Structure formats: C-alpha cells, structure tokens
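A short reminder: the numbers here are calculations on the coordinates, not readings from a lab. As the structure is a computational prediction, the values presented were derived from the model and not from experiment. Please note: Cβ atoms are built from the backbone with ideal geometry, for glycine as well, and neighbour counts cover all protein chains shown.
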C-alpha cells in the first residue's frame with residue numbers, strides 16, 4: 001500500500017493524476033503541468049509537500065549533535081527562526097540526504113528531510129544522537145502536514161486565505177520562519193519564487209488547502225515542482241546527488257561550512273577528495289529532443305553526464321543539470337547524445353530562472369551558434 | 001476512454017485512419033497523450049522510408065518522458081505532419097486530429113488485422 005498525505009482525498013476529488021513518489025501516492029498534475037508551472041512563476045501555486053518528514057531535535061546537546069551530523073553549521077543560525085540548507089554526509093563524504101534546518105530556540109530545531117530517504121535518515125541520525133547527545137530528543141512528526149505556497153503573489157494569497165497569519169509574517173525575511181498557533185510559517189521553497197512553506201497539524205490541512213485555493217492559488221503537482229526547481233538550479237536528491245556522490249561534485253560546495261575546529265561527519269573524506277567536477281546548467285541549442293538524466297555529454301575535457309533534464313516552460317527550451325569534467329567552462333558549447341543524435345548545448349551558470357526572471361542570456365547564446 | 005469507432009488501433013497506442021487514397025494516417029491515442037502529459041517534441045519519420053510492422057519510426061516527448069512511435073503495418077512513409085514540430089501541444093489538444101505521418105501499406109488487409117476500438121480499450125486498460 002502506498003503512503004498517503006492528509007490531502008490525498010482532496011487531490012483525488014480535484015481530478016489529480018497520481019504517481020508513486022518514494023512510496024507515496026502523490027499528485028503529478030491536475031491537468032497541465034506546464035500551466036501549473038506558469039501559475040507559480042506569474043501568480044501563486046500550491047503544493048502538498050506533506051510526504052516530506054519534519055523532525056524535531058530538542059534538548060540538551062541538540063546543537064552539538066546537529067553541528068556534528070550536518071555538513072553546514074547550525075551555528076550560522078544566529079536569530080531564532082532562521083533556516084539553513086545542508087547535506088547529511090556519510091563517512092566517505094557521499095550525500096545521505098539534503099535538508100532544511102530551522103533554529104526555533106536554543107537547543108530546539110526543526111529539520112525537514114526528503115520523503116524517500118526519511119526512514120534511512122531517521123535511523124542514521126538516531127544512531128548518531130545516542131552517542132553524541134544522549135539527552136536530546138529526535139522526534140519524527142508524522143502528525144503534521146506541509147503545504148508550500150509559491151509565486152510572486154503567494155504571500156498575499158496566503159494572508160487572504162489565512163488572515164490570522166498576516167501580522168506575524170508580514171515582516172518575515174526570506175529564509176526565516178515564524179511559529180504561530182501550532183503552525184510554522186517559513187519564507188522558503190523549492191521553486192525559485194517568493195512564498196511560504198506552512199507546517200500545520202494534519203487535521204487542519206484540508207481546510208487550509210481549500211482556503212488557499214479559494215484565495216486564488218493554483219494546485220500544482222510534482223511535475224511542475226520538478227520543472228520549477230530545475231529552472232531554479234536546485235538539486236533533487238536521488239537524481240543530482242546520492243550516497244555515491246560528493247557534494248563538491250554536485251554544485252553544493254557552498255553548503256559545506258569548512259571553517260576549522262568543527263568535526264562533522266564526512267569532513268575528512270571531503271578534505272582528501274580530488275579536484276571536483278563542474279556542476280552546471282545546459283541549454284539545448286537545437287531541436288531534436290529533450291535533455292534527460294543519464295544522457296552523455298561530450299566536452300573538450302571528456303565525457304560528462306546529465307543528472308536532471310527537462311523541458312523548461314519559462315525558456316521554451318530543454319534544460320538540464322549536468323556533472324561535467326573539471327576544466328569545462330560556462331559559455332562552452334558541448335554535445336549531448338540524444339538517441340542517435342549529438343545535439344549542441346550551451347554550458348551555463350545556474351540558476352536559469354529566479355523570481356520570474358530568466359538569468360541566462362538567450363540572445364547571446366543563439367548568436368554565438370550561427 | 002475517447003475512441004472513435006471508425007479508426008483502427010495498435011497495442012502500442014497508435015491510431016490508424018484510412019484516408020481513401022490507399023494510404024493511412026497515424027497518430028497517438030488520446031489515452032497515450034493523457035499518460036504522457038504535456039507534449040513538447042514530436043519527431044516523425046522521414047518521407048520515403050520503407051518500414052516494417054512494429055518498427056520504431058519516430059518519437060514523442062512530453063515534459064515527463066520520451067515514447068517511441070511505431071509503424072502499425074509494413075509500407076512506405078508517404079507524408080509527415082510538419083505542423084507538429086512548431087506546435088506539439090496539438091497532440092494534447094486533439095490527439096485524433098494530430099496525425100503524425102502517413103504510410104502506404106504494402107498489404108491493405110494488414111489494416112483490418114489491427115485492433116478495433118473495443119480491442120484497443122481492452123488492451124490499454126490491461
């Protein structure tokens with residue numbers, strides 16, 4: 001039996017096409033994933049992300065435990081409510097998962113991990129907690145639902161739908177969270193747009209979802225979520241990195257806090273690792289197909305691989321995230337093997353799109369190829 | 001399932017329409033486009049190519065996935081719908097109008113051996 005979220009019946013009633021995602025029966029789209037994508041870039045979209053697992057880390061030693069378990073440093077979270085993106089690494093420096101951690105109070109944190117890795121993460125972290133912080137508690141919160149409202153109008157539509165949130169979150173800065181009445185409201189997301197991620201008791205999820213739909217937010221499935229995060233240059237666990245991949249080869253060096261004096265899991269392995277691959281974007285320059293994961297990229301420095309590929313609704317072109325040989329530079333033209341063809345693609349700096357704006361210069365891209 | 005009764009079908013989700021001049025046009029079914037989702041690329045076969053029944057002759061790609069298009073019968077490709085290159089979403093809008101290519105069958109009786117609407121519905125929901 002696949003697992004279901006508190007909004008499952010609501011999705012079915014809305015005619016969603018459902019898909020298995022990490023053991024969860026989740027909406028892929030509610031009609032057109034391209035229309036849903038545009039709704040997020042232009043107005044506001046609504047995502048059920050209750051399949052992700054919230055974990056509470058509380059009590060004496062919680063901070064020390066997370067400083068050891070995570071490759072990024074929770075001590076960077078000075079103000080209460082501040083959020084941090086981090087990887088959890090294994091001893092070989094491979095990525096066990098990527099997550100968001102919110103500092104809610106001294107020695108009280110909320111961690112949100114991926115759905116497909118939740119059981120593995122919990123076992124890994126709990127085994128570590130017993131040793132590092134025997135007095136801290138690690139509590140999985142399957143009693144909670146999570147809804148992301150994303151897009152330029154997302155905050156306004158959230159306040160219209162749930163007016164009680166307005167006062168507490170009007171001044172909330174990006175990458176900060178606010179606790180109010182059993183709900184955690186975070187100004188975070190996975191789309192490259194402004195918006196909120198709401199964590200609330202499961203029993204309140206349907207009412208909140210329906211109020212957000214009534215306020216004009218468009219329900220969006222995992223299809224749009226994938227094209228949005230890809231345009232925003234954000235990695236997807238299991239695709240762009242996994243336990244066999246170093247974060248340094250997945251464009252995640254910025255998430256490793258390697259200031260001296262902190263011993264985190266995976267640190268020694270990262271410090272031994274060779275010169276990293278180039279993790280970059282690709283834009284397909286000619287017709288002939290869609291860039292997809294596992295396609296081979298031919299560059300002047302050798303072969304690379306696409307880790308995620310799709311059709312970008314904002315650009316109207318196929319785009320990808322790719323792991324390329326060291327030495328590959330932004331602006332280079334490479335070839336991607338798509339079936340029997342070798343299609344030209346441009347290597348670009350990530351992201352492709354942020355806050356509704358295209359950040360790669362397509363005019364120049366096209367001129368250079370002619 | 002939307003399935004015009006005057007068409008023939010394949011288990012690989014093509015529809016086949018007799019055009020009255022000895023050729024047949026081929027597209028993918030409404031069920032197939034619904035499964036694929038938003039279609040963003042259609043690659044039909046080249047005109048003049050000789051194909052065997054069941055041979056891969058083209059590809060259709062949605063945001064989600066790539067899917068091959070097959071020849072329903074042996075014959076020669078005698079035309080392609082170039083309009084789909086610039087407007088692949090037409091396949092989503094009306095799959096039974098968005099023909100992809102025409103084929104002149106070597107043996108007209110091969111068309112009769114394809115699935116009818118009821119047969120396809122059974123095959124597609126299996």
Just from its helices, what would the mean residue ellipticity at 222 nm be for chain B, if runs of 4 or more DSSP H residues each count -39500 (n - 2.57) and the sum is divided by every residue, rounded to the nearest 500 deg cm²/dmol? -4500 deg cm²/dmol
Return the single residue from A:191, A:158, A:328 with maximal mean-square fluctuation; model: Gaussian network over chain A, springs between Cα atoms under 10 Å. A:328
Under 17 Å from the residue A:210 label point (7 Å along Cα→beta-carbon), backbone N, segment A:146-167: A:161-163
How compact is chain B by the rule of thumb for globular proteins, expressed as Cα Rg over 2.2 N^0.38 Å? 0.96
Under a plain spin-label model, where a point goes 7 Å from the Cα along Cα-to-Cβ, how far apart in nm are residue A:123 and residue A:355? 4.3 nm
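Which shape class applies to segment A:198-328: rounded if a/c is under 1.5, otherwise prolate when a/b exceeds b/c and oblate if not, where a ≥ b ≥ c are the square roots of the Cα gyration tensor eigenvalues? Intermediate results must be reported in sequence, preceding the final value.
Working: a/c = 3.20, a/b = 1.29, b/c = 2.48.
Oblate, since a/c reaches 1.5 and b/c is not below a/b.
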7 Å from Cα along Cα→Cβ at both residue B:11 and residue A:12: what's the point-to-point distance in nm? 3.1 nm
Going from the alpha-carbon gyration tensor of the protein assembly as shown, what semi-axes, largest first and in whole Å, does one get by taking the root of 5 times each eigenvalue? 45, 27, 20
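What does the convex hull of the alpha-carbon atoms of segment A:1-67 project to on average, in nm²?
Numbers: hull surface 28.5 nm².
Mean projected area of the Cα convex hull: 7.1 nm².
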Identify which of A:114, A:160, A:72 has the largest mean-square fluctuation in a Gaussian network model of chain A, with springs joining Cα atoms closer than 10 Å. A:160
Average Cα contact separation per residue, chain A, under 8 Å, 6 or more apart, as relative contact order %: 18 percent
According to a simple spin-label model (label point 7 Å from Cα along Cα-to-Cβ), what is the distance in nm between residue A:330 and residue B:74? 5.7 nm
Per principal axis, descending, Cα span of segment A:83-234 in whole Å: 48, 34, 27
Determine the relative contact order of segment A:262-370: mean sequence separation of Cα pairs under 8 Å and six or more apart, normalised by residue count, in whole percent. 28 percent
Mind ranking A:258-266, A:8-16 by how tightly packed they are, going by the mean number of other C-beta atoms within 10 angstrom, highest first? A:8-16, A:258-266
From the Cα centre of segment B:74-90 to that of segment A:171-236, the distance in Å is 41 Å
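Please work out how much length the chain gains when fully extended from residue A:271 to residue A:79, using 0.36 nm per residue of separation minus the C-alpha to C-alpha distance, in nm with one decimal. Don't skip to the end; give the middle numbers.
On the way: separation 192, 0.36 × 192 = 69.12 nm, distance 3.00 nm.
Length difference between fully extended and current span is 66.1 nm.
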How much mean residue ellipticity at 222 nm does chain A get from its helices, if each DSSP H run of length 4 or more adds -39500 (n - 2.57) and you divide by all residues, to the nearest 500 deg cm²/dmol? -6500 deg cm²/dmol
